[in-house]
Structure formats: structure tokens, C-alpha cells
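Single-structure report; data block below.
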Amino acid sequence: MTAIPAPTASPARIPADALADFYDRAFTRAGLPPEDAATVARVLLTADLRGIASHGAALAHGYARRMRDGGINTRPDIRPLTETPGTLVLDGDAGAGPVVGTYAMGRAIAKAREVGVGTVTVRNSNHYAACCNYPLLAVAEGMAGMTMTTTGPTVVPTFGAAPLLGTNPICIAFPGGARERPFVIDMSTSVAALGAVGVYRREGRALPEGWAYDAAMHPTTDAAQARYLNPLGGDRAHGSQKGYGLNVAVDLFAALLSGGRYSAQMQLATATPDPLQSAHMFSAWRIDAFVPPEEYAARFDEYVRMLHACPPAPGAERVLIPGEPEWLAEDDRRAHGIPLHPTVVADLRALADELDIPFVEC
């Protein structure tokens, strides 16, 4: 058997297959059908492998609790509302976000396969974990992909003094070439994801200046007191209007084009056990609908070589492309295990106790 180690003073290294197996059993015990439990397990494990500490193991207990409390519908009827050859609107029926998102991205890919480009919007879903999971499904089919999602109101608009926006992340991915790995940019449109604040809190580190506000809307660098965030850029002098604009665009693409709730209309996961009613958007582009795949692959490699050849700034080792640090992290973690902070391991142990399941399959 493969054991999940007890918490230590330094991050535990958990074998990826052991962590995936634990997720699978936990979500099945929390009420998901086996196929859906495997989907949620895969989505969280992808974040763990790619070094996205805020969106993997740290989410597992909250997801399982919401499944058991009814905030996540474990048997959703995901149904079409409006459809054309290249577009689709779905009602997620309050299902688990990774389950709804995986289904929706699959439909976008299928439409792109038929007509070149497919776009699917979703209303009435839940938190769908790390955005990168969904465009990477398109990349696996040789396509480019994009997703975005609304989240609860925790972000203050430029010149504002109240949280009306979500962290509203976006991910775009393009397939790699003959030599280079895919391009993946996965980013919140706020200065950071709330989960990243949780990482700072666990590690006892101060937040960077200009990131956050406390409950009384006073600026703070104390991660334990942080409740609200600025848009990407921080303030107007540093370009926050750009992050603000992208943030609003996510509400428009995901919520208004699905008939769902935009960020200011959503609940926070910490405030209610009710479904979050997240709205998502997914798109896929078939490369050969635009250029021959061989030409694309050659030019992609050429483009990445151009970036890699850029002289590094003083103190920097080299120029990386977006997604490259995550590919390097995945190589390391597949070989040597996934490092988890002791408090996250303790939280997983608490989940195992709550569900009356072991950490290991004997």
C-alpha cells in the first residue's frame, strides 16, 4: 500500500497516484457517482501536479462538505437551453463545477470538430477548480482552448470602495509544436486568487502591498485579515483599469451570455451552503480550420525559441513562456511526489475522519 505521510514541519511529498486514489474515494463517499468522482479527482490532481497550491488539495474538504450539505448536486441533469451548430448554453443544475465544466468543454470541442470553433456557456454551476483543466482538454485534441468563470464578489473595482466583482479567472491554451510544450496562461483578473491569499495565510507570510483589504475595507498585508482584493494592477497608477476591464468582460462572457448570475449576484462559498450558481464560458478552436497543423507547429516552435533567446534581465536565469513553470513542476511532482503543506495534510486527514475512510487503500 502507498501511505500518505503524517504532517511534518516541512511539506509532505505525496505520490500522485495515492493522492488521486484518496480524492476518488472521498468524493465517491461524499455522494458522487464513480465516474464523476474520478473527474473531480483528476481536476484537483492537475492543480496539485502543476504547482497551483490554491486549487488542488486545499479545495477537497470544502468540495466534499458542500456535496454532503446539498450545495453541490451530486446527480445533476445538465441540460441544453439554446443551441446552434457552433454555440450552446447549458444549465449545470448546481452540479460539481469540475463535472459540469468537463462536460461543457467536451461539447465545445465537439462543436469545434464539426464547424471549426465551438463556444459553450453555462449557468447554475459551482466552483470548477483550476481553469487550466478545461483548455488542456482542447490541447489534448490538438485544438486551442479558452475558459473563464464568475466567482463571488470579493474584488473592488478601480476607484471603488465596495467588492462588486469576482476574481473572475481566465485561461487560454494553445497546443505545442514538434519540440515545445503547450502555451498555457491561467490567471485571475484580480491581483491574485483568494486561494493564493490562503497559501500566504498557511505559510504565515505577509501579503504584498496593494493586494488586499480587511472586512472594514482598510488596506492590509495580513493574510489572516484579508477579505477583499484589488483588480489586476492594484491601482490606477499601475494599470488596474486593465484588470478591471478584463474582470467585467468575464462577467459579460460567462454570465450575460449564459443568462446566469454575474459576480455581484453570487453567494460566497464561505457564506452559505447553497449552490454558488457560478457561470462559465468555454471555447475551442480547431487549428486546421485556420492554418495547416504542420505550419502551426513549426511556427510555434520558432516563436518559443525567439522568446527563450531573449537576454535575461540582471538576476534572472532565463526567459520562460507562460505555462512553462507549471510543466516543470509537473515533471518534478510526477517523479518525486506532490508537496503539501502540513495544514493541508491535516485537513485531508480531517476529511478522511469525517467520511470514515482511510488515507490508504490496503
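Throughout, read-outs are computed from the coordinates displayed, never taken from laboratory work. Everything numeric here is computed off the predicted structure, so don't read it as measured data. All Cβ positions, even for glycine, are placed from backbone atoms using ideal geometry, and neighbour counts span all protein chains on display.
Observations
- Between Phe290 and Thr343, the C-beta separation translates, for a Förster distance of 56 Å, into a calculated FRET efficiency of about 0.75.
- Annotation: extensible slack from Leu81 through Ala316 equals 79.6 nm (criterion: 0.36 nm per residue apart, minus Cα-Cα distance).
- Overall shape: oblate for the range 240-359, with the ratio a/c of the largest to smallest alpha carbon gyration tensor axis at 1.5 or above and b/c at least equal to a/b.
- Listed values for the range 145-159 are Karplus-derived 3J(HN,Hα) couplings in whole Hz (6.51 cos²θ - 1.76 cosθ + 1.60, θ = phi - 60°), namely x, 8, 8, 8, 8, 7, 9, x, x, 9, 10, 8, x, 3, 6, and x replaces Gly and Pro.
- Sites Ala206 and Arg42 - FRET efficiency at Förster radius 30 Å, r taken between beta-carbons, to 0.05: 0.30
- Residue among Cys131, Cys310, Cys171 with the largest mean-square fluctuation in a Gaussian network model of the chain, springs linking Cα atoms under 10 Å: Cys310
- Percentage, to the nearest whole number, of Cα pairs in the range 49-169 over 22 Å apart: 42 percent
- Euclidean distance of C-alpha centroids, the range 55-71 and the range 153-193, integer Å: 22 Å
- Ordering of 314-326, 243-255, 346-358 by burial proxy (mean other Cβ atoms within 10 Å per residue, highest first): 243-255, 346-358, 314-326
- Rg over Rh [alpha-carbon atoms, Kirkwood Rh] for the chain: 0.96
- Glu302 paired with Ala237, simple spin-label distance in nm, labels 7 Å along Cα-to-beta-carbon: 4.4 nm
- Centroid-to-centroid separation of the range 34-54 and the range 235-262 [C-alpha atoms, Å]: 26 Å
- Under a Gaussian network description of the chain, with springs only between Cα atoms under 10 Å, the residue in Tyr228, Tyr134, Tyr296 that fluctuates furthest is Tyr296.
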